[in-house]
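FYI, it's all coordinate maths here, none of it is from the lab. This is a predicted model, so every value here is computed, not measured. Because the Cβ atoms are built from the backbone with ideal geometry, glycine has one as well, and the counts that use them run over all protein chains shown.
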Amino acid sequence: MSAEFYVTLGFIVFICLLGYLGVHRMVLSALDARGKAIADELAAASKMRQEAQSLLASFEKKAAEAEASAAAIIAQARAEAEMMAKETAARMTDFVARRTRQAEAKIAMAEAQATADVRAAAADQATRAVETVLRADTRGDAGGQLVANEIAGLKGRLN
């Protein structure tokens, strides 16, 4: 008997011993358990991937909503700024027009006052000149009476 025969016989006995002890069942159950663990991990990974995708979609939706909201706020702020600018321009135009009218009214009042002052001064000077001329030309009671009547009438007519 050769050594190869003993190696083959030992191998066959070893395989039978493994079969008798149920090692093949243990190996298969270990492989099944490992396969089940891998399948569970794959299912958990798939579930996590779906949750991550839904979370990403939710964040993208919120980002789009925030962007739209920001754009609306910016548009509203621009519209309010334009409206305020128009209101300010209208107020400024109204203020300038009001100030112009006030200045024109003051100028007209000053012109009227100056005209009245010049007329009054001219009337006083004319009255004095007439009085001087008439006193020199008319002497006596009749002349004095005439001068007094005319001076009183002249002051009334000039003012």
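Per-structure values
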| read-out | value |
| --- | --- |
| Dipole magnitude of the chain, debye to nearest 20 (Cβ charges: Lys/Arg +1, Asp/Glu -1, about Cα centre) | 300 debye |
| Protection-proxy order for peptides 92-100, 116-124, each taking the mean of Cβ atoms within 10 Å per residue, highest first | 116-124, 92-100 |
| Computed lengthening from T132 to R119, 0.36 nm per intervening residue step minus Cα-Cα distance | 2.7 nm |
| Net lengthening on full extension, A52/A103 (0.36 nm per residue, minus Cα-Cα) | 10.9 nm |
| Farthest positive-ward along region 3-158 dipole, Cα basis, beta-carbon charges - from A30, I12, A66 | A66 |
| Kyte-Doolittle mean at least 1.6, axial Cα span of 24 Å or more - DSSP H helices of the chain | 3-21 |
| GNM flexibility winner over the chain from R91, R34, R49 (Cα, springs under 10 Å) | R34 |
